[in-house]
């Protein structure tokens, strides 16, 4: 019996479609927005909404259209069709400096010749706010971003994280409806970037301003966001909570892009409502849970090309095959190819002994396998219901080994 996914492909690609009337409790709506450069669609008929006071991230690889979308929201570019509503009002024909938005760029664009206080108060001064009021609001803002008394400091006296907070304070002091952030952590070193992810999330929660955040870094999107849209080729592949994207991907692209995964391509050998069995070209047999609709090309039948995804933390290793057989799982023999030590994120690369397929498995943090060495023979297995399977579609390769 063929498996027919219940999720409509078009609904998954656009997810939270919005009507032509302003939705309550939303700060941003896009209505059928498109942007073309010649025959190339940078953004293709995109409709979605962002809840008021939320942290919303757009995650995708370079060239997917996310920065073009952000620039249209900011008003630096105009859509070829569709409309953008901010705070329930159409932005058609509204200039960037008249929109209730502010933007934080990757390189921050702070004025080096100005003090911290003058940087933060610059927008207020341009609006004609009185000097005593600017002083008061700048002082309050510095308190809220944990930089009290820093008004007189020069920009070159600040650390990377402090500069980041000044850039955000300069935007938030203007009380925008939306704060747009275009990969603002990209220029920071790894340790500071990890710290700033937490700090940004806390700042957003404290201010209650709606953040729209652009990134290609899945960790940033997953850690900070209330909702994440995964963008690919000008469209949203899936929009949902970080947990939804990670545990319930609805397309092969989302499964492969969000988090680490072992991808296996092959042909379906058996299909029922909650399981698809497949065999790779090299002869590896496994089962996985059917997921999604986009890219599946309709019902999956025996003989169809499919691709399965198994996350490294889903699979387990053991030195005894009985560990898996006793739990009703398949035990695959393998040889350790290399140990990827990274503290709590350590993993092992294995070669399945019959097909020579490479498989990455997260190592448990119990120290049980700290003596594991390259060349050692082990076994691995996984619960089929924690692996996911999609139809490969007519253009997908089925020659995985």
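The values are calculated or read from the model by the stated rules, or taken from the named source; none is laboratory data. Predicted, not measured: the structure shown is a model, and the values here were computed from it. All Cβ positions, glycine included, derive from the backbone under ideal geometry; neighbour counts span all protein chains shown.
Tabulated data
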| quantity | calculated |
| --- | --- |
| Matching entry among 95, 69 (being more than 27 Å from residue 251 (Cα to Cα), modelled with pLDDT of 90 or more and out of contact with any helix residue (DSSP H, G or I) (no Cβ under 7 Å at 6 or more places or on another chain)) | 95 |
| Single unsatisfied condition, residue 230 versus (1) surrounded by 23 or more Cβ atoms within 10 Å (Cβ to Cβ); (2) touching a helix residue (DSSP H, G or I) at 6+ places or on another chain (Cβ under 7 Å); (3) modelled with pLDDT under 95 | (3) |
| Residues that are surrounded by fewer than 17 Cβ atoms within 10 Å (Cβ to Cβ) and free of Cβ contacts under 8 Å to residues at least 24 places away in the same chain, drawn from the stretch 90-107 | 90, 92, 93, 94, 95, 96, 97, 98 |
| Residue match in the stretch 204-217 (condition: surrounded by fewer than 22 Cβ atoms within 10 Å (Cβ to Cβ) and within 12 Å of residue 60 (Cα to Cα)) | yes |
| Condition met for residue 106 (in contact with a helix residue (DSSP H, G or I) (Cβ under 6 Å, 6 or more places away or on another chain) and within 30 Å of residue 160 (Cβ to Cβ)) | no |
| Enumeration of residues in the stretch 316-366 that are part of a helix (DSSP H, G or I) and either touching a residue at least 12 places away in the same chain (Cβ under 8 Å) or closer than 23 Å to residue 282 by Cβ (or both) | 323, 324, 325, 344, 345 |
| Strands (runs of 3 or more DSSP E) contained in the stretch 45-140 and holding at least 3 residues over 22 Å from the mean Cα position of the chain (by Cα) | 81-86 |
| Residue in the stretch 367-376 that is closer than 20 Å to residue 311 by Cβ, over 25 Å from the mean Cα position of the chain (by Cα) and free of Cβ contacts under 8 Å to residues at least 12 places away in the same chain present | yes |
| Unique residue being farther than 18 Å from residue 229 by Cα and buried (at least 16 other Cβ atoms within 10 Å of the Cβ) when the list is 28, 110, 70 | 110 |
| Qualifying residue in the stretch 175-184 (condition: touching a strand residue (DSSP E or B) at 6+ places or on another chain (Cβ under 7 Å) and surrounded by fewer than 19 Cβ atoms within 10 Å (Cβ to Cβ)) | yes |
| Residues of the stretch 94-134 that turn out to be assigned by TED's automatic domain parsing to the domain that holds residue 67 and more than 16 Å from residue 174 (Cα to Cα), as a count | 2 |
| Single unsatisfied condition, residue 151 versus (1) at pLDDT 90 or above; (2) in a helix (DSSP H, G or I); (3) buried (at least 16 other Cβ atoms within 10 Å of the Cβ); (4) outside the structural domain of residue 96 (by TED's automatic domain parsing) | (2) |
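Residues are listed down the side, and each one gets a yes or a no for (1) touching a residue at least 24 places away in the same chain (Cβ under 8 Å); (2) touching a helix residue (DSSP H, G or I) at 6+ places or on another chain (Cβ under 6 Å); (3) within 19 Å of residue 200 (Cβ to Cβ):
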residue	(1), (2), (3)
117	yes, yes, no
124	yes, yes, no
128	no, no, no
146	no, no, yes
158	yes, no, yes
167	yes, no, yes
